[in-house]
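What follows is one structure encoded as structure tokens, with my remarks underneath.
The values are calculated or read from the model by the stated rules, or taken from the named source; none is laboratory data. All values derive from a computational prediction rather than experimental measurement. Methodologically, a virtual Cβ is constructed for each residue, glycine included, from the backbone with ideal geometry; neighbour enumeration extends over all protein chains shown. These accessible areas exclude ligands, DNA and RNA; they are computed on the full protein's heavy atoms, side chains included. Shrake-Rupley method; radii C 1.70, N 1.55, O 1.52, S 1.80 Å.
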Amino acid sequence: MDLNSASTVVLQVLTQATSQDTAVLKPAEEQLKQWETQPGFYSVLLNIFTNHSLDINVRWLAVLYFKNGIDRYWRRVAPHALSEEEKSTLRAGLITNFNEPINQIATQIAVLIAKVARLDCPRQWPELIPTLIESVKVQDDLRQHRALLTFYHVTKTLASKCLAADRKLFYDLASGIYSFACSLWNHHTDTFLQQVSSGNEAAVLSSLERTLLSLKVLRKLTVNGFVEPHKNMEVMGFLHGIFERLKQFLECSRSIGTDNVCRERLEKTIILFTKVLLDFLDQHPFSFTPLIQRSLEFSVSYVFTEVGEGVTFERFIVQCMNLIKMIVKNYAYKPSKNFEDSSPETLEAHKIKMAFFTYPTLTEICRRLVSHYFLLTEEELTMWEEDPEGFTVEETGGDSWKYSLRPCTEVLFIDIFHEYNQTLTPVLLEMMQTLQGPTNVEDMNALLIKDAVYNAVGLAAFELFDSVDFDQWFKNQLLPELQVVHNRYKPLRRRVIWLIGQWISVKFKSDLRPMLYEAICNLLQDQDLVVRIETATTLKSTVDDFEFRTDQFLPYLETMFTLLFQLLQQVTECDTKMHVLHVLSCVIERVNVQIRPYVGCLVQYLPLLWKQSEEHNMLRCAILTTLIHLVQGLGADSKNLYPFLLPVIQLSTDVSQPPHVYLLEDGLELWLVTLENSPCITPELLRIFQNMSPLLELSSENLRTCFKIINGYIFLSSTEFLQTYAVGLCQSFCELLEEITSEGQVQVLKVVENALKVNPVLGPQMFQPILPCVFTGIIEGERYPVVMSTYLGVMGRVLLQNTSFFSSLLNEMARTFNQEMDQLLGNMIEMWVDRMDNITQPERRKLSALALLSLLPSDNSVIQDKFCGIINISVEGLHDVMTEDPETGTYKDWP
């Protein structure tokens, strides 16, 4: 492609490709796709996106096509790979000028340079790093920033390579540029700290942006650039200096407003400091040992003392808590039970931890977590009132839950309490003791403190097993609190029922369950929606517990099921409906057939809910799970659900329908249990088997369930099913047998064997194309014992149950092998006798023995020659299947 003549044409087509008119857009995209493999095309793109006078959208598109071309055609072994000459020209052009004025395009250029660096640096592109280092030294602000941006992306990409040779190259690179990277970061950091009080927001933001980028480079070099970083003084000096820099940046937050770009960038930089420490601890725990003491002192002072007041923010607190948690939980710092077996590094780290976590420190952390961080905030209480379902979703793990402060504090409490339970158990018990008896409903602070303490007791349930008499506490304290109906008491009603759910599987007498069920029935009628939803959650924990007894639960079943159904109708959020449905499913599963008198309302409501959830596939998954348990509970009566049930199965298992991506697994399970509980085949149930052929073509992890479904049809109505679908099914099986594993082949052949067993006349005819493969496997002595055993099972069914068909098959195989029928039969019997030990199941051994014995009445000399071998394996099989009756002392057939 000639650059001068092509540039105009390519520019015109790129312009058309940015059009909103599909009639213009589509032909342009096709043309660009054809040019992707043309020599010189990427040189033209480079000229276009580096020409700042052109339209931004056109330049953006040129960058994207260039970046995609690197992925497809830059490697030497790629089809239509770029020539070495063109790649050399492109590499030089990419780092000629770092002066891109548009931020988004500059970022894309940096990313594509990093992609090339991943493949070519340093061997084919040794000048890249030196050029970047020189460019970040220039005084021009724009060039300096763009070079620093590229420097970061290149470092990030090279650090991500995993092969040993690549790691060695990165170690060498890190050693060579670390001093420069440190001085660069210190320079930009000092510049920012000097400018922050100047009031010049633009200058502050510019220096802060450079500080952030240089710190990102240092993070990658520090974490990924050294095998033993603790031996490098510069690395450890940088890490020790982070704490002082963090203090400086946190103090800067006092002078920067809360609602501007500078504040956002400042907080991002502070978080990046903590990420350096967290990543370093994760990758190099023993190299981090000299930093343990300082990290704990810094984190605890800012999170659990007044030092952090006015300067900390939520994400920073989360990061500090994560740092404490990682140090507390780190397995590298935990000595073996026998201290002598522990490494010196482990013992040193453990000693530092023990010296820091003294009784006063642990007590203060525990009290502060409970009395400060566990308290429900004004924002949470407002959300409770204004959006109760949203509050519940957040509390139980919504999309933003894992990034918020509350779950982080709870996880830290659990980890510290587990690690230092002997120290902290008396502290928490003392807090419990001060809260005995009822709490004044007018004292909201006291109510919230009790809520927080109860939260701690629930989280530490396993650790408190031997220290709390929960049964007495339940009867004397918790149950009366559940009966306080005042609106202000609802946080405690909700917390108490949650607390019981946490303890139910830890320590709760079975005799107390009726009292709990009574309380649950009352709370499911509570005036507050959040309390009702939490009560449903505890109910699920109760019925899931291994000590659950149906007889205790049945007197409350009708009331609970009715109230749960009403709750399901009342809630509107998809996540909440899913949650309540899961509770209903658990109840149905545990009581099984006992549910039948009470499911009428749910059965009538589910079709409406299914229709309403058309855009919510996860809710539909919950409906499918509920239907699975409903069908199992209803048994043969589930036939009454077919008008709704079968279309649901049809949609969920139709691979041509987009929702199948979400619904397929549960849809197949529902299909299977429907067959297992069906009293007879119906035309509609038979019709949905049309979905099976595409499912078998998928060869997915659901194949095993598909085979079970096929078996279900065979056992339910073999004649009608085989007459309708056997031809297509046999074709699918033949294709499968060529490409699946030995285990998969066994599953296919078991289906065939079941068809032969249930329908000995029609089965061999319908699966006739598969039988020559089975016969050949026997003759040639299939090497996998399990497969051979299945081959013999299939052939045994044919021989024993359809002698005429076996004769015709033998005749066909004799022509195939170009042998006499008698000779082939003798070879088969000989192999059968020889490989009888491959069959491990007694039923299959019995089948093989009977099949071979059925040949003995024949006067065929070949069969008579094998008489001894047949009798021998038959006697062995007889011993295998005969068991002694303990009552009569006689032997009988198995089973």
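For segment 146-154, the Karplus equation 6.51 cos²θ - 1.76 cosθ + 1.60, evaluated at θ = phi - 60°, returns couplings of 5, 5, 5, 4, 5, 4, 5, 5, 5 Hz by residue, with Gly and Pro reported as x.
Report the relative contact order of the chain, percent, no decimals, based on alpha-carbon pairs under 8 angstrom and at least 6 residues apart.
Details: 960 pairs, mean separation 37.2, N = 895.
About 4 percent, as a whole number.
Could you rank Cys320, Cys868 by how accessible they are, 1.4 Å probe, largest area first?
Order by accessible area, largest first: Cys868, Cys320.
Shown in residue order for segment 437-445 are the 3J(HN,Hα) couplings computed by the Karplus curve 6.51 cos²θ - 1.76 cosθ + 1.60 at θ = phi - 60°: x, x, 10, 4, 5, 7, 9, 5, 5 Hz (x for Gly and Pro). Among the trypsin sites (Lys or Arg not before Pro) found in segment 238-308, those both in a DSSP coil and sparsely packed, with 12 or fewer other Cβ atoms within 10 Å of their Cβ, are Arg254.
The largest accessible area among Thr562, Thr211 belongs to the first residue in Thr562, Thr211, and the rest follow in falling order (1.4 Å probe, all chains). Extending 7 Å from the Cα toward the beta-carbon at both Met233 and Ile271 defines two label points whose distance is 3.6 nm. Judged by the mean number of other Cβ atoms found within 10 Å, the most tightly packed of the peptides 827-833, 380-386, 432-438 leads the ranking 827-833, 380-386, 432-438.
Here Glu876 and Asn677 are evaluated by their C-beta separation; at R0 = 35 Å the FRET efficiency comes out at 0.30. Using heavy atoms of the protein chains and a probe of 1.4 Å, the accessible area assigned to Lys67 is about 40 Å². Subtracting the Cα-Cα distance of Thr888 and Thr776 from their residue separation scaled by 0.36 nm leaves 35.7 nm. Between the alpha-carbon centers of segment 69-95 and segment 297-341, tell me the distance in whole angstrom. First find each Cα centre; the distance between them is then 48 Å.
Here Thr724 and Leu119 are evaluated by their C-beta separation; at R0 = 60 Å the FRET efficiency comes out at 0.60.
Say the cut-off is 30 Å between C-alpha atoms; which of Lys220/Lys247; Lys87/Lys268; Lys268/Lys337; Lys156/Lys351; Lys450/Lys507; Lys353/Lys509 go over it?
Details: Lys220/Lys247 22 Å; Lys87/Lys268 37 Å; Lys268/Lys337 42 Å; Lys156/Lys351 35 Å; Lys450/Lys507 21 Å; Lys353/Lys509 39 Å.
Result: Lys87/Lys268; Lys268/Lys337; Lys156/Lys351; Lys353/Lys509 exceed 30 Å.
Dividing the summed -39500 (n - 2.57) terms of all DSSP H runs of n ≥ 4 by the residue count of the chain sets its mean residue ellipticity at 222 nm at -23000 deg cm²/dmol. Entry note, segment 1-160: relative contact order of 18 percent, from Cα contacts under 8 Å with a spacing of 6+ residues.
Grab the beta carbon distance between Val786 and Ser197, set R0 = 60 Å, and tell me the FRET efficiency rounded to 0.05. After rounding to 0.05, the efficiency reads 0.20.
Take every Cα pair under 8 Å whose residues are at least 6 apart in sequence, average their separation, divide by the length of segment 163-356, and the relative contact order is 19 percent. The C-alpha atoms of segment 676-727 occupy a region whose extents along the principal axes are 29, 23, 16 Å, arranged from largest to smallest.
Multiplying the residue separation of Ser175 and Arg687 by 0.36 nm and subtracting their alpha-carbon distance yields 177.4 nm.
A crude spin-label estimate for the pair Gln34 and Val9, with each label 7 Å from Cα along the Cβ direction, gives 0.9 nm. Look at the dipole of the chain built from charges on Cβ: of Ala92, Ala622, Asn702, the Cα furthest out on the positive end belongs to Ala92. Close amide-amide hydrogen proximity is noted between Tyr420 and no other residue 5 or more places distant or on a separate chain, at a cut-off under 5 Å (H modeled in the peptide plane; Pro and chain starts excluded). How big is the gap, in Å, between the Cα center of segment 557-608 and the Cα center of segment 405-419? Using only Cα atoms to place each centre, the spacing works out to 34 Å.
Shape class for segment 163-356, computed from the alpha carbon gyration tensor (a ≥ b ≥ c): oblate, with a/c not under 1.5 and a/b at or below b/c. Note on the chain: Cα-only Rg and Dmax are 36.5, 112 Å. Taking only protein heavy atoms and a 1.4 Å probe, the accessible area of segment 1-160 is 50% carbon and sulfur. 3J(HN,Hα) couplings calculated from phi for segment 194-201 with the Karplus curve 6.51 cos²θ - 1.76 cosθ + 1.60 (θ = phi - 60°) are, in sequence order, 6, 7, 5, 8, 6, x, 8, 4 Hz; Gly and Pro show x. Take the Cα of Tyr331, step 7 Å toward its Cβ, do the same at Thr96, and the gap between the two points is 5.4 nm. The residues of the chain expose, per residue, 45 Å² of accessible area to a 1.4 Å probe. The slack in the chain from Thr358 to Ala164, taken as 0.36 nm per residue of separation less the alpha-carbon distance, amounts to 65.5 nm.
Positive-end ranking of Leu668, Ala165, Leu756 along the dipole of the chain, with charges on Cβ about the Cα centre, is headed by Ala165. Computed over segment 163-226, the percent of Cα pairs more than 15 Å apart is 55. Computed on the Cα trace of segment 768-894, the radius of gyration divided by the Kirkwood hydrodynamic radius gives Rg/Rh = 1.00.
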